[in-house]
Amino acid sequence: MHRSLTAFIAAALCGAHFHAAAADEEAVTVSALRNPVDKSYRRMLSGAELFAQRRGELAPAAALRFKLLPRRPGTRLDDIELELVGDSFATPLPVAHDGTFELPADAAALKERASVRPNRRAGSMTWRAEVRTPGLPADVRRLGDLRLECEVGMRAGLISNYRPVLFRWLDERLADSPEYCRRAVPRYLFFADRALWSVTLVAGTRREVLSVDLLYGGASRDPDWKADLPYCDCEVLMDRAFFLPLGDRSWPDDALVHFEYMDDTP
Amino acid sequence: MKRLIFLLAALLSACALTPPAAQGPLGAGEIASAHAARAALALGLSTQTDVRKALGEAIVVDFESGYEVWVYRERPVKKAERPPLELVLLFDPSGMLANARVR
């Protein structure tokens, strides 16, 4: 994340005024006038603020980007266009080949309660924060990065699950905060780059293969997983989805998460 | 009275020494020994039909890509020191066993 964005966040988001405005913004995002695939710039900026606050503890060398992911079958993201849209402007945001983008500092966007808007239909894609420490192999992530990724993702309101049952919806609203990520095994879905065969946590000489219960959105424990799929933003990413024991502090932030993929040679 | 106490003591002793009654037949996705089941399978050779015949029905998680993950678990034992082992099998889109692990 650029220093200018960090400074901008500090200047723009201090004080109760921001929190009151953020609450207003949440009300606006459910309006029928907005395309539900939009994300609130202000809320995403709040996620970036949390990254700046928590980075020193969880992921000192990491950088933050946001990421676009497909949700519906047939959704292509290679030619996706993204804009920061306010009442009086629309600014293109560059998207990298891996679907990631950087959130710019923009006073006008904050003032006009802008949206971050892709040229895709509602429900066709989803979003995540991406916190990466540089220098790791492609099939390895750092646990502290993923802890922070969860917290930023929850604060930024990036998860797009729609469930039909009121109480599940209510439960989801209650879970919609960074504190949720400090539960022993929060149901926060991470997505690997390819279809997963196994996930192993490694810290020094300690090594633990995760139970299959933590892969594929817990499908091996849920006979109705296919019926729930349309309500999960993991719909076309099930074979890449995994949970982590984020709240288990016996695993340090420097623990590494190793992936093996379905198409690897055993 | 002494006779009654003796009878109760005998019954309690019998309870302590007798192994628990055998549980019913294994259900879908249950196996007696994950390691023994794994040893009976061969990567690149065992098919889904072979595995179903050897181990019975699995918990199946199938994906659009054609890959399938089959899960078998040892039956839970009360007061066990560790959770039951799981045997996880990966079948490629042709239905051949591509990978396996016991955890």
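Derivation of every value follows stated rules applied to the coordinates shown; laboratory data play no part. In this text, all values refer to a predicted model and were calculated from it rather than measured experimentally. Glycine also receives a Cβ, built like all others from the backbone with ideal geometry; neighbour counts cover every protein chain displayed.
Here the spin labels are modelled as points 7 Å beyond Cα on the Cα-Cβ line, and at A:Thr265 and A:Arg121 they lie 4.2 nm apart.
Computed extension length for A:Arg183-A:Arg76: 35.1 nm, one decimal, from 0.36 nm per residue of separation with the Cα-Cα distance subtracted. Straight Cα distances below 20 angstrom link A:Lys111 to the lysines A:Lys39, with same-chain residues fewer than 8 positions distant left out. When A:Cys150, A:Cys234 are arranged by Cβ crowding within 10 Å, least crowded first, meaning fewest neighbours, the order is A:Cys234, A:Cys150. Sequence-distant contacts, meaning Cα pairs under 8 Å at least 6 residues apart, place the relative contact order of the range B:27-102 at 36 percent. When Lys and Arg each count +1 and Asp and Glu each count -1, what net charge do the other residues less than 14 Å away from B:Pro76, Cβ to Cβ, add up to? Charge balance in the 14 Å sphere: +1.
Taking other C-beta atoms within 10 Å as the exposure proxy, A:Phe89, A:Phe242 rank A:Phe89, A:Phe242 from fewest upward. Each other residue within a Cβ distance under 10 Å of A:Asp264 adds +1 if Lys or Arg and -1 if Asp or Glu, for a net charge of -2.
From least to most packed, judged by other beta carbons within 10 angstrom and beginning with the fewest, A:Arg206, A:Arg194 follow the order A:Arg206, A:Arg194. Take the Cα of A:Leu229, go 7 Å toward its beta carbon, and the backbone nitrogen atoms of the range A:80-124 under 17 Å from that spot belong to A:124. Count Lys and Arg as plus one, Asp and Glu as minus one, and take only other residues whose Cβ is under 11 Å from that of A:Asp222; the net charge is then -1.
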